[in-house]
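Notes follow once the structure below has been shown.
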Amino acid sequence: MSRKQQLRELQSAEAVLEERRLKLHRAARSRRDHLQRVHPAWLLAVGFTTGVVTHRVGVWAGASGMVSSLLVSGLRLARIAAGSVFADIGVTGR
């Protein structure tokens, strides 16, 4: 492969990466703007509720392996949700 061909491919890849970066930047700005419109009391209430539910699940599961399996399942779900959010803006993990 010639040097010019390699340079063209590199520039093409850089252009794709720059486009993805801009999409992510716009998505982050949109989310930040949305969170700024939400009343802080709602954010605190949701955070508190999430903490209580997480604590209750941990107490309920006790010392069994259920907590770790729930965490792993939760992490999988978070990855799936994040993937769908990024897919909405046209960004893939590849």
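The values are calculated or read from the model by the stated rules, or taken from the named source; none is laboratory data. Keep in mind that what you see is a predicted model, and the values were worked out from it rather than measured. Every residue, glycine as well, gets a Cβ built from its backbone with ideal geometry; the counts of neighbours run over all protein chains shown.
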Residue within the stretch 53-75 that is surrounded by 10 or more Cβ atoms within 10 Å (Cβ to Cβ), over 17 Å from the mean Cα position of the chain (by Cα), at pLDDT below 70 and among the β-branched types (V, I, T) present: yes
The lone exception for S84 - which of (1) loosely packed, with under 10 Cβ neighbours inside 10 Å; (2) at pLDDT 80 or above it fails: (2)
